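The values are calculated or read from the model by the stated rules, or taken from the named source; none is laboratory data. Every value quoted in this text rests on a predicted model; they were computed, and no experiment measured them. Note that we place each Cβ from the backbone using ideal geometry, even for glycine, and neighbour counts take in every protein chain shown.
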Amino acid sequence: MSTMTLDAAGHAEAVQSELTGEKMAISQAAVRKTVGQPFSDTAKLRMRNVNVFYGETQAIHNVSLDIGRNEVVAMIGPSGCGKSTFLRCLNRMNDTIEGCRVDGELSLDGDPIYGPKVDVVPLRARVGMVFQKPNPFPKSIYENVAYGPKIHGIASRRADLDEIVENSLRRAGLWDEVKDRLDKPGTGLSGGQQQRLCIARAIAVSPEVILMDEPCSALDPIATARIEELIDELRENYTIAIVTHSMQQAARVSQRTAYFHLGHLVEVNDTETVFTNPEHELTEAYITGRFG
Amino acid sequence: MTNLTQTQVRERIEKRLASRHRKEKMFRGMGIASIAFGVLAVVILFSDIISKGSGAFVQTAIELEVHYDAQVLGIDKVDDESLAWANFSGVIREALRERFPSVTGRSDKRELYSLVSSGAPFTLRDRLAANPQLLGKSEKVWFAADDDVDTFVKSLKDSKEGFRGRTSEQKAGWIEQLLDSGELKKRFNTTFFTNGDSREPEQAGIRAALMGSLFTLLVTLALSFPIGVAAAIYLEEYAPKNRWTDLIEVNINNLAAVPSIVFGLLGLAIFINFFELPRSAPLVGGLVLTLMTLPTIIISSRVALKAVPPSIREAAMGMGASRMQVVFHHVLPLAMPGMLTGAIIGMAQALGETAPLLMIGMVAFIVDVPGGVTDPATVLPVQIFLWADSPERAFVERTSAAIMVLLSVLILMNASAVMLRKKLERRW
């Protein structure tokens with residue numbers, strides 16, 4: 001830290017230099033411009049020039065990214081790089097955070113996500129979310145899955161609801177384990193089962209996009225493997241954006257990988273390219289474990 | 001700091017070990033002593049109240065053979081009007097004279113008549129009203145004894161002398177005579193639970209105060225719980241965190257610390273003088289206690305809401321639930337046990353509150369049992385205050401008995417709160 005000077009503009013660079021040495025130092029402009037292929041021809045979600053502020057501090061700087069239909073995009077990066085913040089913009093979960101401001105263009109199939117006329121209730125029905133910590137409702141397994149269809153009025157008859165619950169649990173690969181105890185509390189399941197229950201709950205309302213915020217970070221390797229298999233199966237019907245700390249996981253489940261760094265989107269490329277031949281030095285430094 | 005060897009480090013640790021253990025023991029001892037002190041205080045309080053008050057649950061009664069003589073009563077038929085006019089005390093006096101035929105002379109007779117309660121004629125009237133064909137017939141009736149007799153008989157228990165008080169030698173003789181023949185007995189005091197207040201201790205009961213407390217608490221609960229919970233939900237789930245909500249929060253906390261007498265004055269000025277609501281009414285009492293209980297309920301409800309894990313809110317919101325659905329489907333059921341505890345604590349506080357009710361006239365001497373929230377009424381703690389202030393010795397035990405009833409109600413409320421909590425919590 002001896003000869004380093006810190007100023008606002010050079011913040012990213014300064015931290016970078018500290019982490020990787022003078023050799024890795026890069027210009028501010030290089031960070032700002034995303035390298036690789038952030039855009040897609042079959043974009044389901046389109047984000048352009050997204051900036052997110054928490055009060056005075058800017059958490060996301062000018063990020064543009066497309067997430068294609070039936071594609072799994074993994075978002076990786078060191079802690080605090082803004083990947084979760086960015087993910088939470090996609091179904092406006094950031095609305096609940098005091099002082100959080102989002103600007104830029106975000107759209108789902110051409111429909112704007114932010115705007116005075118946008119209702120978050122149908123938006124969140126179209127963009128489901130699975131959280132880091134499994135968070136089933138403290139209700140029965142059945143109630144957990146049936147909750148979404150009930151509040152959105154998708155099914156009112158018991159038989160229809162039963163069918164949705166069974167299908168969702170089957171698709172989440174949980175049906176055989178819980179079919180005899182649907183009336184037992186969802187909180188009584190194991191961590192991995194709880195997370196699959198949360199996935200079943202999310203897909204019960206037939207969303208178009210599923211956002212996953214480090215869905216496996218609280219799970220053991222076996223449960224993680226099951227969820228990863230599940231993500232692969234779900235890709236047929238859904239568009240998935242997943243934030244993960246595990247690079248192996250990103251490599252296993254995603255088609256494209258986005259590397260975030262200090263609020264900037266540094267590189268987006270085919271997952272294989274990112275992990276074998278990254279374009280940007282920062283990406284390379286991260287995936288080779290030099291920092292992060 | 002010089003570098004220490006492992007042995008040196010261990011020596012240093014061991015040197016301080018003894019004093020660390022000693023401090024630990026002292027701290028534990030202090031905790032045990034505090035609890036022992038608290039338990040002792042409760043035991044002393046309860047045993048004192050119970051030993052003083054248990055006497056009030058029995059009442060000395062005298063059995064007399066009464067003759068419903070139409071001539072003495074001065075009526076020829078039994079209807080409402082004649083019952084109101086009838087001279088029942090004449091009948092009782094006659095019965096007493098018959099029982100003690102040797103008593104002559106004005107003052108002796110007057111003393112004889114004072115054996116039974118001045119409420120005895122009403123007992124007789126009620127019997128005749130319920131059973132009109134008794135007119136002209138005789139029957140044996142138990143009458144409540146006068147409070148001086150009651151006090152004397154109760155004090156006879158251990159020493160033969162007893163507390164004489166205003167009871168003369170002669171009267172004591174009669175009492176012993178009646179006691180020996182089994183015509184004077186201590187019977188369960190139903191009057192205490194069926195009557196309102198009275199100047200005569202043997203006719204005084206807590207029913208009016210109990211009903212007054214019940215109506216007042218009903219008003220308080222019906223107003224303060226929904227208002228308190230709604231305010232807490234708004235502040236916790238909807239309101240933006242800014243200077244205004246901070247100001248509101250500070251004021252709510254302040255309100256909780258305002259002396260209760262001030263709420264009484266406020267109630268007097270606003271509810272009675274401005275809105276012209278009836279004085280001494282449980283409605284006004286309930287309104288005043290609502291003001292007092294609201295901060296307690298709001299604060300405890302907010303704590304209960306804060307304790308609901310944010311992950312549940314996020315999960316529901318992520319499913320596309322609206323804010324109200326998040327609150328009513330997920331947050332409220334989880335916060336309910338905590339809110340109920342707060343409400344019960346607030347209610348228990350309101351039940352024991354005296355000062356603000358004095359200001360709105362609930363300290364009045366009220367004999368009738370209130371039948372609604374606008375009837376004049378008093379409440380249990382005020383009744384205790386009134387009785388504690390009364391000169392008759394028989395009111396001492398009634399005061400303690402009323403305290404026992406108040407404490408039982410409190411224990412019942414708190415126990416039901418615990419049970420309700422357990423039941424609600426088990427659902428999840």
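Looking at the structure I just gave you, is B:G55 touching a helix residue (DSSP H, G or I) at 6+ places or on another chain (Cβ under 7 Å), buried (at least 18 other Cβ atoms within 10 Å of the Cβ) and in contact (Cβ under 8 Å) with a residue 24 or more places away in the chain?
Values: touching a helix residue (DSSP H, G or I) at 6+ places or on another chain (Cβ under 7 Å): yes; buried (at least 18 other Cβ atoms within 10 Å of the Cβ): yes; in contact (Cβ under 8 Å) with a residue 24 or more places away in the chain: yes.
So B:G55 passes the test.
Residues in the range A:156-195 that are among the hydroxyl-bearing types (S, T, Y), within 15 Å of A:F137 (Cα to Cα) and part of a loop (DSSP other than H, G, I, E, B): A:S190 only.
Quick one: in the range A:136-164, of everything that is within 25 Å of A:R235 (Cα to Cα) and aromatic (F, W, Y), which residue is farthest from the other protein chains (Cβ to nearest Cβ)? Among those that are within 25 Å of A:R235 (Cα to Cα) and aromatic (F, W, Y), it is A:Y142.
For (1) in a helix (DSSP H, G or I); (2) assigned by TED's automatic domain parsing to the domain that holds A:G68; (3) buried (at least 20 other Cβ atoms within 10 Å of the Cβ), each residue gets a yes or a no:
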{"residue": "A:N237", "(1), (2), (3)": "no, yes, no"}
{"residue": "A:H245", "(1), (2), (3)": "no, yes, no"}
{"residue": "A:A250", "(1), (2), (3)": "yes, yes, yes"}
{"residue": "A:N269", "(1), (2), (3)": "no, yes, yes"}
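A single entry from B:T341, B:T378, B:T374 fulfils the requirement of being away from every other protein chain (no Cβ under 14 Å), not in a loop (DSSP other than H, G, I, E, B) and not hydrophobic (A, V, I, L, M, F, W, C): B:T341. Do we have B:R243 as assigned by TED's automatic domain parsing to the domain that holds B:P337, surrounded by fewer than 21 Cβ atoms within 10 Å (Cβ to Cβ) and over 30 Å from B:M347 (Cβ atoms) here? So B:R243 fits the description; yes. Only one of the listed residues (B:G196, B:G182) is surrounded by fewer than 20 Cβ atoms within 10 Å (Cβ to Cβ) and either of a type in the set (G, A, S) or on the phi > 0 side of the Ramachandran plot (or both). That residue is B:G182.
Assess whether B:W174 counts as being assigned to a helix (DSSP H, G or I) and not small (G, A, S). If you could, list the steps in order and put the result at the bottom.
Details: assigned to a helix (DSSP H, G or I): yes; not small (G, A, S): yes.
Spelling it out, B:W174 is indeed assigned to a helix (DSSP H, G or I) and not small (G, A, S).
Scanning the range A:178-207 for residues that are over 26 Å from A:V73 (Cβ atoms) and surrounded by fewer than 16 Cβ atoms within 10 Å (Cβ to Cβ) turns up A:K179, A:D180, A:R181, A:D183, A:K184, A:G188, A:S190.
Within the range B:296-311, being outside any loop (DSSP other than H, G, I, E, B) and either within 11 Å of chain A (Cβ to nearest Cβ) or modelled with pLDDT under 90 (or both) holds for B:P310, B:S311.
Does B:T167 fit the bill of being over 31 Å from the mean Cα position of the chain (by Cα) and crowded, with 16+ Cβ neighbours inside 10 Å? Don't jump to the end; show me each part of the working.
On the way: over 31 Å from the mean Cα position of the chain (by Cα): yes; crowded, with 16+ Cβ neighbours inside 10 Å: yes.
Criteria met by B:T167.
Among residues of the range B:119-142 that are touching a residue at least 60 places away in the same chain (Cβ under 8 Å) and loosely packed, with under 14 Cβ neighbours inside 10 Å, those with a beta-carbon under 6 Å from a residue that is assigned to a helix (DSSP H, G or I) and of a type in the set (A, V, I, L, M) at least six positions away or on a different chain give the pairs B:G136/B:A70.
In this structure, is A:A204 of a type in the set (A, V, I, L, M, F, W, C), over 18 Å from the mean Cα position of the chain (by Cα) and closer than 23 Å to A:P149 by Cα? It would help to see each step written out before you state the result.
Numbers: of a type in the set (A, V, I, L, M, F, W, C): yes; over 18 Å from the mean Cα position of the chain (by Cα): yes; closer than 23 Å to A:P149 by Cα: yes.
Judged against the criteria, A:A204 is a match.
Among the criteria (1) within 14 Å of chain B (Cβ to nearest Cβ); (2) over 17 Å from the mean Cα position of the chain (by Cα), the one A:D180 does not fulfil is (1).
Set side by side, the residues B:K15, B:K52, B:K77 differ, and just one is in a loop (DSSP other than H, G, I, E, B) and basic (K, R), which is B:K77.
Within the range A:208-230, restricting attention to residues that are touching a residue at least 40 places away in the same chain (Cβ under 8 Å) and crowded, with 24+ Cβ neighbours inside 10 Å, the residue that is nearest to the other protein chains (Cβ to nearest Cβ) is A:L211.
Counting the residues of the range A:95-125 that are within 17 Å of the chain's Cα centre (by Cα) and within 11 Å of chain B (Cβ to nearest Cβ) gives 4.
Pick out the one residue from B:E276, B:E314 that is surrounded by fewer than 17 Cβ atoms within 10 Å (Cβ to Cβ) and either without any contact (Cβ under 8 Å) to a residue 24 or more places away in the chain or part of a helix (DSSP H, G or I) (or both).
Working: B:E314 fails: surrounded by fewer than 17 Cβ atoms within 10 Å (Cβ to Cβ).
Being surrounded by fewer than 17 Cβ atoms within 10 Å (Cβ to Cβ) and either without any contact (Cβ under 8 Å) to a residue 24 or more places away in the chain or part of a helix (DSSP H, G or I) (or both) holds for just one of B:E276, B:E314, which is B:E276.
The residue pairs whose first member lies in the range B:233-259 and is part of a loop (DSSP other than H, G, I, E, B), whose second member is surrounded by fewer than 11 Cβ atoms within 10 Å (Cβ to Cβ), and whose beta carbons are closer than 6 Å, counting only pairs six or more residues apart or on different chains, are B:K241/A:E98.
Out of the residues in the range A:126-135 meeting the condition of being touching a strand residue (DSSP E or B) at 6+ places or on another chain (Cβ under 8 Å) and not in a strand (DSSP E or B), tell me which one is nearest to the other protein chains (Cβ to nearest Cβ). Among residues in the range A:126-135 that are touching a strand residue (DSSP E or B) at 6+ places or on another chain (Cβ under 8 Å) and not in a strand (DSSP E or B), the one nearest to the other protein chains (Cβ to nearest Cβ) is A:F131.
Of all the residues that make up the range A:92-125, how many are part of a loop (DSSP other than H, G, I, E, B) and more than 18 Å from B:A316 (Cα to Cα)? Give the derivation first.
Our first condition is that a residue be part of a loop (DSSP other than H, G, I, E, B); within the range A:92-125, this holds for A:92, A:97-99, A:109-110, A:113-119.
Right, trim to more than 18 Å from B:A316 (Cα to Cα) and you get A:98-99, A:109-110, A:113-118.
Looking only at that region, the number is 10.
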